[in-house]
Each structure stands twice: as structure tokens, then as C-alpha cells.
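Let me begin by presenting the structure, written as C-alpha cells, before commenting on it.
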Amino acid sequence: MVKQIVNETKGKGGKTGKAIEKKKDDVWIPTCCWFCVMGPCLHRYHRVDGTVINVEGNTSEPGFDEWTRNQGRLCPKPFGLIEKVYNPYRVKSPLKRTNPEKGLDVDPGWVEISWDEALDTVAKRFKEIRAKDPRGVCSTFHSVAQMGMGGTWEAFYIAFGPMQDVRGGSGMRCGLGVHMFANTIHGAFRCSPDTNNTKYLLILGSNVVPSGGVCGNLNYAKAKKIVVDPMLSLTAAKADEWLPIKPGTDIALMLALIHIIIHELGTLDEEFLKNLTNSSYLVGADGHFIRDKSSGKPLVWDTAAGVAREFNAPDLGDLALEGIYTVDDQECKTAFQLLKEQMKQYTPEWATEICEIPAATIRRIAKEFVDNAQIGSTIRLDGIDLPYRPVDVIIGRPVEAGVHSYQNILAQHILVSLVGALESVGGHMGGCAHPTYYDHGIKPGADGMPQPIYHEFTWPPTCWSGCEAFVPFTKIFGHAAHLFWINMTNPPPGLPLPPPPQAYLRFRNNAIHSVGETEMVVSAMKKIPFIVSISYTYDEVTQLADIVLPDYTELERYDVLSPDYRLGSGRRFRGILLRQPIVEPPPNNRDISYIVTELADRIGFLDTYNNMINIRFNITDPYKLELNKKYEWVDIVDRMCKSLTKGEHDLEWFKEHGAIITPTTTEDQYNVHLHMVKEKIRYPVPYMDVVKTVGENLQANLAKVGVDWWSTKEYVALPSYLPSVLDTVPKEYDFYVTTSRLPQYSNASNNDCALHNEVMQQVPGQYEVLMNAGAARERGIKEGDEVWIESPIGRIKGAVGLSEGIRPDTLFMAGQFGQSVTPVAKDLAKLSVNAITPISYEWTDQVTGTMQSTIKVKVYKA
Amino acid sequence: MTRYGMVLDLNKCVACLGCMVSCKMEHLLPPGMSWCRVLVKEQGTYPSVGKTFQPIVCNHCKDAACVQVCPTGATNKREDGIVVVDYDKCVGCRYCMMACPYGARYFNAKRERYFPGKGVTPLEEASDKELQTGVVMKCTFCVEKIEEGLKKGLKPGVDKAATPSCVANCMTKARYFGDLDDPESEVSQLIRSNRGRQLHPEQGTDPSVYYIG
């Protein structure tokens, strides 16, 4: 028996016995974090004698622990914000290059300059360019900067005039493909399950459980999860079932599931399909909706009347879901009939040959999905009866980014539609709706479905990415940014491009590592004569910059998140949230808002810039900014606080309380469904007539201008199986490479945080090139061996980690590493699949514009 | 009598490592030292393979081997069951590290820095004030938080400010803390209803950390 000793604890942790030193400054400061799309989360940071030493979830105000995303909890990422403050490699003065030669391994010869010199140099150059055409400047920036958390950056970006838009998630950061179709289908920025109520999740290629932050974890934990992934990801490890699918064949699985539901189970939410989708619309032999000759409106078959009628005719009887009809002597079929016919071929036996998941398993999953959907059930929430369909299909980046991603996204939405789970309680929701676009998303178009948004064909294209000419649906929430870098280096013959960009303004993101084919991006970037990097550290883009403007980190600055900006998945609360400085910034750094205000003033568009601030931040009288006066960011923040609370609270109040939040109402949470029913708008599935039409117009326009190298064959109305682009890779490249989001890094740029990197080592395989142990044995490769990973465009060398939890034909590599310049991150000496991921027009999805994210390589010992 | 203990739900842990980062920041731990870890293990052969995530901390054993072997009394057990180390008494002999069946103790040999050659960061300066070198360290159940909380009338395991930070911050709510001697506490109820297990019970140390799930 151990003798127990009473020990009065006096020092920290009861260890030293020293009396606690009285701290002069010892406070917890409320703020919010939005470093990933799962936020915002409410946090508070602990500052002692001027040093921030800790963070925790903020539960200091009523409701904070109940309604907020993080419910008083933390994901690993915010600790990285503390580390960034004290990163000794921060840029701490404006810099200019003295060595004209540029390269990742070339010393720029930095010299420190004054802010006046730096800002005047940039302003002078930008002013000259802007006077001719603002598109002479191209720009990329961190995704949160466009979510209202980048100070006045976005106001500057817009007010400057149309810069060449090179942002977009073509790289590791974003799935991209879903954004434009989440909008087209249900007026949203992205999709997610109704996390609080879902019960059955089919997760394809997504590591959402740990990477979804607190929100993902707390809520997904309750649902049964079937994870389809070539690798036993952390999500798969926590799932009820792991199905190691052959990479790039998810479409075959989804088509087979649709086949089973329609042809074998026959269990459908017919009421939903008839009334809230275009299933009953009649389609003619040309593959387009049959329209009323005088009104031009699409027709449906009214079974009661036995005739075709306009989709929104009053007193419509029961609509035909299936069948072949004759209208004006023309044979036509319902959209659902066409779906049924097209899906006939996609049997589970067919699918198993492609995706290597047993047919019996596919049948069981389909049955479970349908059974869990509880078709026909309703739930009463706050007195409102709503459809209850607690099932969803989640697709991750390898599935929604790459060639055929449109087919995948469409199949995903058809799957949930068949059981009526689109925007239902527990079902497939649109999240993170952006009000500016949101209204467009569910505004009824002429055909009774949400008004689609796409680029009109523009020739020659005005941007070097050529999106207006080649990928029209990228107009909303999308941008095939990788095409910009291709066109800068090796444009297709005869492509007329605007004058090349004269300057590149970069705020915080890292295009060199977040796209693909790193060497190509570097060579493209070097062609831009003047690069301005707003950066807190000496990263790869900064290495190529001419002027460096060092900014504040997230713990040194203000932001206000306005209540209507986004709801996001879960939709549990609305609020006005303050981000506030926890510590003093380095003396010679400046906030992003100061930097762009000075630039707007010196370039000469302060008036339009201030006007845009008023618009973007909803600042109304009497707090509006005067147009020709220069404001400090803290003053603007105070005005935002007052304006958003109608004068009730100022910045000082928010600094003390952190946020005002209220729980969302049932109407808020299920607003899309309620809106669609009220306005009689239908989801544009299963039959994407609009995509087919846009594709045909695009084909005609491209033919007119003599482009025959860009295909539009994927602009189809119904999903179909198309062989993977990877089938065209020579057989010697015998491994697939898949990738995943890591919870410590995803969306957080934490790879230059030493403590994070140390902790990460605890999970084997997240850093390494992960290889199946049996496959490695066959090749004489042992744990830790150095190997070359070679794709058709290049090779990289790294250490192998072995695992049984990955298919024998697949490697895993994260995309968040591979830095060669960024301090701390480069010391990891880990590989990034992005470096050898080919980017090309052929490997770009024709409809979503996303770049291929799963690639093929060969592996051999170094 | 109070005996503080922890319950870790293996079903809920997703190996996000938030507890590790949280612990390291709470105690300003130097490079190479983590009082709280998550062991990730793969079991089986493809395709019948699974991964398990097992969070581990000091077990604060009722019959702690480390306390028995400590020659100076530096490692001692408080009345509330928490095993602590008095750095001023620790001579760095490391017998306790050999005695601990769980590998839960760490020797802070010398000052290690996260950014060699780049000086000392303010975080490391703060760490230096708290952590001595040449002594053995380990998880303290954040005893300082508990004591401060109790002074304010808060309840450890219930009120965040009086709860170990790995528990308070865990994003999957996989960790619980409370009084094992109170049959009505959440931890006692969880252990009862989920057949809570201790690590290596055959060692006879009677850990205060239980696993469920």
C-alpha cells in the first residue's frame, strides 16, 4: 500500500512548490476561429504577461456551449495560431528583392525597406497597370479572406476592378466540383448532411470525421457510417464498415446503387420525385424538355387529365413518373423514365467488375440506405411538419475533383433524391450559403427550377484561365485556376489570350504547392514581372516575390463575422462574432486592412473601395464610411459592430463578450425545403437539361472559333459510366495515389508549426508515402526504405510507411507537405503528391473544371 | 474521500490528437515530450484490418509503483488520488520511470528548443519558468486547474475551468473526469454501465484511468 502524502500544490502543476508568481497580465480573451469551412468556432485565448499561452473553447456566455459549432470544444488547429505568433521565421519588415534572378533555390537578396517605399512601389506599378486594364493584375488569396475574415481585402480586390481571378480550389485546399453544383441544385455553397439528425452516411473518399472539426465529430458520431475509400482513413477506421474501392471508380458504385433502388428494390419517394424534382418533365427525342409551343414552358404528363400540361399549370393532377407518351405527334418520355432506362445497364454485377466491391455488398448497402431513409415519414419540429429522411451520401475530394467529377456529383444528388433526402431533416443539405449568391440559387428560373448561373461564352477569353470560354459553370463558386498556370506556360495552339498579367498580388495562400505540377507553376509564376506577396513567413511564393508586405496573424487582428454571412452545416446558430487581437503584433508588421487601404488610397480609388466596404459589410447609416476619407480598420470594425446591432453594441462591448449568438429556428434550418415548397420550385435533378443545353451551346461556339481540342461530351443530362482517365496512363505506372485531408492541417496552413508537426508523428502513415505491406514485400521494399515515386511528369523521393490498411494497388500521400522553402515546413522533408500531379486540359473535368486529383505512379527503391 | 479519475471512450476517439496538442500547450511542454498521447495501432491483414486509437495518460494509480520506488518522496500521492512530482525534491534518478508499467513518465534532461539556432520563443520562456530540467515529469491531471477551480467552488469534471484540459477540449467528448469515490459521478456511472477497464490490471496498481467502448 502506498503511503499517501498530503501535498499542498503551490506551483503550476503542483510540481515545484514555488509560490505562484503574481502575474501583471493574466486574462482570457474571447475571439473566434474560422480557419476552415466547418467554423466559425468560438474560442478564448489565455494571455499572461503579454504572451498568449493557451486556448480553449469559449463557453463564457449563455448558449455558447450549446448552439455553437464547437460547443466549447477544440479541434487541434487553433493551437497552430498560437505557434504562428511566435514563429521566429516571421517576416518582420517590408522587403524588396535585389537579386533579379528568381527561383525557389535562389537567394532573393532581400533588403528591408520602409512601409512608405514598399506601398509606393506597389501602388505606382498597380496604378499604371490599372489605368490600362485591371486584369493586368492577377491574384490569389486564402479562402477565408473571401468569407469575410480577411479584413477589407475582398473590398479592395473587387474595387480595384476585375483582376485576373486565379483563386479557386484546384489544388489541395478545396473539392471545388461540388460548389457550382451545390448551387445549381440547391442554392448552396457546399453540401453536407443534416449533421444533427442524420442516421446513415455513405462516405466516399472523404476523411470528414476527424477533419470536419468539432462539428463533424460531435454529430457524425451518432450516425452509422459506411466508408468507401481505397485507404483505411481515420474516418474509415471509425466507421461501421470499410469498403476498399478501386480508386477512381466511385461512379460505378453509385450508378449500381441507383440501379438497385430503381430496378430491384423499387422503393422510391415518388411524391418527392414528382413534386420537387424534374422527374416528371417530358423529354423529347432530342434529349431536351418538351415545351409548350406558345409559352415555351416544359411539359409534364397529367395522368388524371391524360394530357401533357405545363409544369406549373394550376390544378395539376397526379403526375406520371414513368412512361412513354406522345405530345404533338412526338414521342417523349418522362425524365425519370430516361433515368430508369439509362440505369438498367448498371447492375451490381457490372459494377463489381469495375469498383471491386462485391455485388452482394452493394445490394446490402442499397437496402440499408433505403430502409434508413424511412420514405414517407415526417417529423414535427417546432410545430412544423417536415420530411424525415436521415440518410446521406458524402463525397470527398478524390471523388468530386477530377475528370468525371460532374458525373459523380450528379449521381450523388440523384441517389439522395430517389429517397427524398434532398434538404430533408437528416438528409443532404446545402451548407454555407452565401447570401449574395444564395438568392440567385433558389430564385425560380423559367423552367421551374433554380435559376442556373454560368458564364456566357466569351471569345477571346478575358482571363488567362479561359474559364469563360471552356468551363461555363465555374462562374459560381468555382474557378479552374490550374488552367491559368497551364496557359501561362504551354497554352493550347491558337488560343487567343489577353495581354499577359503584369503583376501578381498574393495574400496568404500558396499556389505553388496547392495546385499540381509544381515546376510548371513556378515557371509560370516567374514569367510575371512583378510579384507582391502579403505573407507572414518566407514561403515559396514569397521567395519569388519582388515586394513582401508582412501582415498580422489571426491572433493580432480584428474581424467581424456578420450574422447572415453563412449558416453552414448544422445550422445551429446565427450570430455576430468578433475576432480580436490577443497579443501585440511585431512593430513593423501591418494588418491586411491597413495595407489595402493604403494601396487603394495611393492608387486612387479610395471612394470605390470605401463604397465596397459599406456594401460587403452591410454598414448602414449613420455608420457608413464616407467615400473619400481614409479609415483605420479598428474604426471600421466599430462601425460594423454598431451597424449590425443597430447601435446597441459597439466594439468595446464585443471585445468583452466576444459574440452575440442566437439559435437558429426550424425555419432557418430547413429554409431551402420550405422555400422550394412554398414557391413551387423543383430541384433540377435527375435530368440536368440545363447542363446538356449549355454543353451544346458551348460546342457550337467552340466550333465557330475553330477549337476542336476541348470536348463537351460530358455535358450530359443523366450520369453515365465513362472509363477513368487513368486508364490511359501506361501500365508501367501501376499504383494509384490517393490523398486525404489531415485533421491537424486541413485548411489551416499549420505545416510550419513545429509543435503540430511533432504531435502528428503519433499517427503512423500520415506523413509518409503509405504502401500496402504485402505489395511492398513483393517488391522487396521495407518500412522506411527510400523510394522514388514517379508519375509521367516527374519523380519525388521519400520514405515508405507500410500498412495493411490500404489497397495493394494504391499509395497514400497527403497534399499538405512538400515545401522546399517555407521555414519549419521544409524541415519535415515530406512529400506532396501535388508536385507530381499532372495538370492539363485532358485531365480537367469538362463541366466542373476540376483537376484530376487521383493519379498513377510507379514506385522503385532509391 | 475524493479520488479523481478519468474515463476514456475508445469508441469516440478519432485520433485527431487535439488532446496531445492541448496538453502540450497547457503545460508548455518541450519538444519530444507529451504527457498525453494517442496510440494508433493497426490490426489484421488487408482487407480484414482495423485501426484502434488508444489515448494514454498517467494512470494516477491507487497503488502507484512510482511512488513506492521514489527515494526522495518527490513523487507522491495526494489525498485526492492525484500523483504529482515535486521537482525540487526530484533528483532525476529515474527509478520511477523504470517502475511505471505504463511508460507514462518523462525525463526532462535539458532544455530542448523548437527552433534550434533561432533563440528562445516567448512560449519557451514561459515554459522555462514552469519546467525544471534534470527531473521527471508526467501528466498531473492538470492539478492546478482543479485547485483553482475548487477555490472558486467549481466541480472538476463538470466545470470546464476545473477540468483537465485534454478532457475539457476533446472535440469528440471522448474523455470524462471526476470523482471515482462518488458512485453518482459521471465517471463512476460510465465505468459501471460500460464495464470500464483499467490498463494492465495484472500489475496490481489499480489505475484511476478507465477505458470504455
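Across segment A:610-627, coupling constants 3J(HN,Hα) worked out from phi with the 6.51/-1.76/1.60 Karplus curve, θ = phi - 60°, read 4, 4, 5, 4, 4, 6, 5, 9, 6, 8, 10, 4, x, 9, 4, 6, 6, 6 Hz, and Gly and Pro carry x.
If you take the Cα Rg of segment A:371-511 and divide it by 2.2 N^0.38 Å, with N the number of residues, what do you get?
Working: Rg = 20.0 Å, N = 141, 2.2 N^0.38 = 14.4 Å.
Relative to the 2.2 N^0.38 Å estimate, segment A:371-511 comes out at 1.39.
Structural size metrics of segment A:194-428, computed from C-alpha coordinates, are Rg and Dmax of 19.0, 58 Å.
Based solely on its DSSP helices, what 222 nm [θ] is calculated for chain A when runs of n ≥ 4 H residues each add -39,500 (n - 2.57) and the sum is averaged over all residues, nearest 500 deg cm²/dmol? Don't skip to the end; give the middle numbers.
Working: 30 runs with 251 residues, N = 862.
Mean residue ellipticity at 222 nm (helix-derived): -8000 deg cm²/dmol.
Only one residue of B:L123, B:M98, A:A335 has its Cα farthest out toward the positive end of the dipole of the protein assembly as shown, where Lys and Arg carry +1 and Asp and Glu -1 on Cβ, and that residue is B:M98.
With the Kirkwood sum run over all distinct C-alpha pairs, segment A:217-290 has a hydrodynamic radius of 15.6 Å. Across segment A:292-379, the fraction of Cα-Cα pairs farther apart than 20 Å, rounded to a whole number, is 57%. Within segment B:4-212, the ratio Rg/Rh, alpha carbon atoms throughout and Rh by Kirkwood, equals 0.97.
Over every pair of different alpha-carbon atoms in segment B:96-213, take the mean of 1/r and invert it; report that Kirkwood radius in Å. Evaluated over segment B:96-213, this radius sits at 16.9 Å.
Just rank A:H756, A:H649, fewest to most, by other beta-carbon atoms within 10 angstrom. The partial results should precede the final answer.
Numbers: A:H756 23, A:H649 17.
Ordered from fewest to most neighbouring Cβ atoms within 10 Å, A:H756, A:H649 come out as A:H649, A:H756.
Our coupling estimate for segment A:817-825, obtained by passing each phi through the Karplus curve with A = 6.51, B = -1.76, C = 1.60 and θ = phi - 60°, is 10, x, 5, 10, 10, 3, x, 6, 4 Hz, Gly and Pro reported as x.
Near the amide H of A:R190, within less than 5 Å, lie the amide hydrogens of A:G431, all on another chain or at least 5 residues away, with H placed in the peptide plane.
I need to check one value: relative contact order of chain B, counting alpha carbon pairs closer than 8 Å and at least 6 residues apart, in percent. List each step's numbers first, then the result.
Numbers: 414 pairs, mean separation 65.6, N = 213.
Across chain B, relative contact order equals 31 percent.
Counting Lys +1, Arg +1, Asp -1, Glu -1, what net charge surrounds A:G494 among other residues with beta carbon under 14 Å of its beta carbon? All intermediate terms of the calculation are to be shown ahead of the outcome.
Details: positive: A:K704; negative: A:D708.
Spelling it out: positives minus negatives among the neighbours equals 0.
Couplings for segment B:15-22, taken from phi via the Karplus curve 6.51 cos²θ - 1.76 cosθ + 1.60 with θ = phi - 60°, read 6, 6, 6, x, 5, 5, 5, 4 Hz in order; Gly and Pro are left as x.
Counting other beta carbons within 10 Å of each Cβ, put A:E584, A:E758 in order, fewest first. Let's see the in-between values first.
On the way: A:E584 10, A:E758 18.
Going from sparsest to densest Cβ surroundings: A:E584, A:E758.
A straight line joining the Cα centroids of segment A:773-809 and segment A:627-682 runs 51 Å. Counting only alpha carbon atoms, the long axis of helix A:115-132 and the longest principal axis of chain A meet at about 30°.
For segment A:194-428, the relative contact order is 26 percent, taking Cα pairs closer than 8 Å that sit 6 or more residues apart in sequence and dividing their mean separation by the residue count. Net charge dipole, segment B:120-174: roughly 400 debye, given to the nearest 20, about the Cα centre with Cβ charges of +1 for Lys and Arg and -1 for Asp and Glu.
Rg over Rh for segment A:571-619 works out to 1.10, both radii taken from alpha-carbon positions and Rh defined as the Kirkwood radius. For chain A, the Cβ-based charge dipole about the Cα centre amounts to some 1540 debye (Lys, Arg positive; Asp, Glu negative; other atoms uncharged). By the count of neighbouring beta-carbon atoms within 10 Å, fewest first, B:V167, A:V716, A:V596, A:V106 end up ordered A:V106, A:V716, B:V167, A:V596. Only beta bridges with both residues in chain B are counted; by DSSP, about 80 percent of them are antiparallel. Cα centroids of segment B:27-104 and segment A:279-353: 68 Å apart.
DSSP beta bridges in chain A, what fraction antiparallel, as a percent rounded to 5? Don't skip to the end; give the middle numbers.
On the way: 67 of 107 bridges.
Restricted to chain A, the bridges split so that about 65 percent are antiparallel.
Put a plus charge on the Cβ of each Lys and Arg, a minus charge on the Cβ of each Asp and Glu, and nothing anywhere else: the dipole of chain B about its Cα centre is then about 560 debye. Applying both filters, DSSP loop and at most 13 other Cβ atoms within 10 Å, to the trypsin sites (Lys or Arg not before Pro) of segment A:329-417 gives A:K344. Near the amide H of A:I395, within less than 5 Å, lie the amide hydrogens of A:L204, all on another chain or at least 5 residues away, with H placed in the peptide plane. Each of B:P207, A:Y388, A:M429 was placed along the dipole of the protein assembly as shown (beta-carbon charges, centred on the mean Cα), and the one lying farthest toward the positive end is B:P207. Where Rh is the Kirkwood radius over the Cα pairs of segment A:725-861, the temperature 20 °C and the viscosity 1.002 mPa s, what D in µm²/s does Stokes-Einstein return? Approximately 138 µm²/s, per Stokes-Einstein. Among the aspartates and glutamates, which have Cα under 14 Å from the Cα of B:K51 when same-chain residues fewer than 8 positions away are ignored? Cα-Cα hits under 14 Å: A:D240, A:E241, A:E804, B:E42. For chain A, the relative contact order works out to 18 percent when only alpha carbon pairs closer than 8 Å and six or more residues apart are counted.
Close amide H contacts of B:G178 (hydrogens built in the peptide plane, cut-off under 5 Å, sequence separation of 5 or more or a different chain): B:G5.
Placing unit charges on the Cβ atoms of the charged side chains and taking the dipole of segment A:194-428 about its Cα centre, the candidate lying farthest along the positive direction among A:A223, A:L265, A:Y325 is A:A223. Using only Cα atoms, locate the centre of segment A:81-106 and the centre of segment A:358-427, then give the distance between them in Å, rounded to an integer. Between the Cα centres of segment A:81-106 and segment A:358-427 lies a distance of 47 Å. Note on A:L722 and A:D668: the model spin-label points, each 7 Å out from Cα along the C-beta direction, lie 4.1 nm apart. Size check on the protein assembly as shown: the Cα extents along the three principal axes, sorted descending, read 100, 67, 67 Å.
P(r) for segment A:68-139, from all Cα pairs and a bin width of 5 Å, is 3, 11, 11, 13, 16, 14, 10, 8, 9, 4, 0 %, short bins first.
Using the structure shown, list the pairs from B:K24/B:K173; A:K102/A:K830; A:K642/A:K678; A:K782/B:K24; A:K527/A:K861 with a Cα-Cα distance above 26 Å, or answer none. Intermediate results must be reported in sequence, preceding the final value.
Numbers: B:K24/B:K173 19 Å; A:K102/A:K830 24 Å; A:K642/A:K678 35 Å; A:K782/B:K24 33 Å; A:K527/A:K861 36 Å.
Distance filter (> 26 Å) returns A:K642/A:K678; A:K782/B:K24; A:K527/A:K861.
In chain B, the DSSP-assigned H stretches of four residues or longer account for a calculated mean residue ellipticity at 222 nm of -6000 deg cm²/dmol, using -39500 (n - 2.57) per stretch and the full residue count as denominator.
Only the coordinates and a few stated rules stand behind these numbers; no lab work does. Treat the numbers as computed from the prediction; the structure is a model and nothing was measured. With ideal geometry, Cβ positions are generated from the backbone for all residues, glycine too; neighbour counts draw on all protein chains shown.
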